[in-house]
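What follows is a single structure, written as structure tokens, with notes after it.
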Amino acid sequence: MKMKKYTASTMPEAMKLIRKELGDEAVILSSKVVFSKGFLGLFKKKSIEVLAGMDTIEQPNNTFEMPTMVSQEQQNVSIEIQKELADLKQLVKNIKIPEMLSSYPAEMKTLMDFLEEQELSEELITSVCDELFVHHKKNTDAFEIEDQLRLTKNSLQTQMEHLPFGGISYTKKYINVLGPTGVGKTTTIAKIAARAILEKKKKVGFITTDTYRIAAIEQLKTYAGLLQSPLEIVYNEKDLQEAMVKFEHLDIVFIDTAGRNFKETKFVRDLQKLIEFEVDTETFLVLSSTSKQKDMEVIIEQFSEFPIDKFIFTKIDETNTIGSIINLMVKYNKGLAYYTDGQEVPEDIMEASLEELLKLFLKGIRYERSS
């Protein structure tokens, strides 16, 4: 295994260096916070020191042929080495975050456990803990949990303050709502539309391309009827163009796309052919907060060619962990429009803000106040 030590100001920066030099298959063997000596013991600079490794198995030289017996021995040794390296890599991957962050002071354990339970990414946890560690070194006599929560909030806020937050802008006519089946996409559209009608007094219409599920069409018909808004069902590009002509007099048109299995590239391509995403549109991707992060990443990757403006996360009330929401926003550099927490229309939806998201994230921490 090829191993190398990297030093950077933060763990995310160190990870970038590692990926650039060793690739995505590299594994982290250890990490710790180090301080430079500084001038006369002052102005010490904090850094993250990371030991990373990468499998490197020499390929046989094909310029000449080895005897059969020796060649077989080489092959057996190579297989054994590969097995040992695979076992080592799996062992490293199984290291828990608290063990990797064992260099941090015990006073931070409650917070670190909470961040891990909330399934915040390892990089974000390390970034937060780096800042808390520096603060702890400067304020060893006063490092209460309230201080840690405030610093955690500030750290995450810095990571996301450049991202857009908030619902539809009301400057675009067509609102494309994308997402896989089962995430509550149609109900979410109804909630947003109801608010546009009731609060903004907008004239609203609906277009659905979801002709694969009768239940989805009937559901949207019901909502359209309750909101006294027109609905058009389209099967192809020609139908869509005709529907848009019919709705020229409306302020906002919500386009409910087919809730298919978008892990399959074919359905993504079909959607690209059907809808013009560049014409006076805003586009939102709906994901369920109860889904596994890896599954959501697959969906996001499949939609990477679409001009997604912001995420919408549903079913917040059905999960105890929302760290994956923050992880995905930071990883894919996407903002947050809404999150929903129930089935009631239009009540159970919140227009997102960074302040409220962080309050929602941190409110679940349990701790004993110091006396």
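The values are calculated or read from the model by the stated rules, or taken from the named source; none is laboratory data. The structure presented is a predicted model; accordingly, all values stated were derived computationally and were not measured. Glycine gets a Cβ as well: all are built from the backbone with ideal geometry, and neighbour counts include every protein chain shown. SASA here: full protein model, heavy atoms, side chains in, ligands and nucleic acids out. Shrake-Rupley method; radii C 1.70, N 1.55, O 1.52, S 1.80 Å.
Assorted remarks:
- Taken over the range 117-138, the criterion of being touching a helix residue (DSSP H, G or I) at 6+ places or on another chain (Cβ under 8 Å) and open to solvent by 60 Å² or more (accessible area, probe 1.4 Å) is satisfied by GLU119, GLU122, GLU131.
- Condition broken by SER288, with the remaining ones in (1) surrounded by fewer than 20 Cβ atoms within 10 Å (Cβ to Cβ); (2) out of contact with any Pro (no Cβ under 8 Å at 6 or more places or on another chain) satisfied: (1)
- Taking the criterion of being farther than 13 Å from ALA243 by Cβ and at pLDDT 90 or above, the residues of the range 203-220 that qualify are LYS203, VAL204.
- Those residues of the range 139-176 which are more than 26 Å from the chain's Cα centre (by Cα), surrounded by fewer than 15 Cβ atoms within 10 Å (Cβ to Cβ) and in a helix (DSSP H, G or I), in sequence order: GLU146
- Selection from the range 226-247 of residues that are among the charged types (D, E, K, R) and either touching a residue at least 60 places away in the same chain (Cβ under 8 Å) or buried (at least 17 other Cβ atoms within 10 Å of the Cβ) (or both): GLU232
- Contacts under 9 angstrom Cβ, first residue in the range 108-129 being more than 17 Å from SER9 (Cβ to Cβ) and assigned to a helix (DSSP H, G or I), partner aromatic (Phe, Trp, Tyr) and open to solvent by 60 Å² or more (accessible area, probe 1.4 Å), 6 or more apart: THR110/TYR367; LEU111/TYR367; PHE114/TYR367
- Among the criteria (1) under 29 Å from MET296 (Cβ atoms); (2) modelled with pLDDT of 90 or more; (3) not polar (S, T, N, Q), the one VAL245 does not fulfil is (1).
- Of the residues making up the range 323-364, those that are among the β-branched types (Val, Ile, Thr) and open to solvent by 10 Å² or more (accessible area, probe 1.4 Å) are VAL330, VAL345.
- Residue ID - most open to solvent (accessible area, probe 1.4 Å), chosen from residues in the range 291-313 that are under 13 Å from the mean Cα position of the chain (by Cα) and of a type in the set (Val, Ile, Thr): VAL298
- Filtered residues of the range 177-204 (kept if open to solvent by 30 Å² or more (accessible area, probe 1.4 Å) and outside any loop (DSSP other than H, G, I, E, B)): ARG195, ILE197, LEU198
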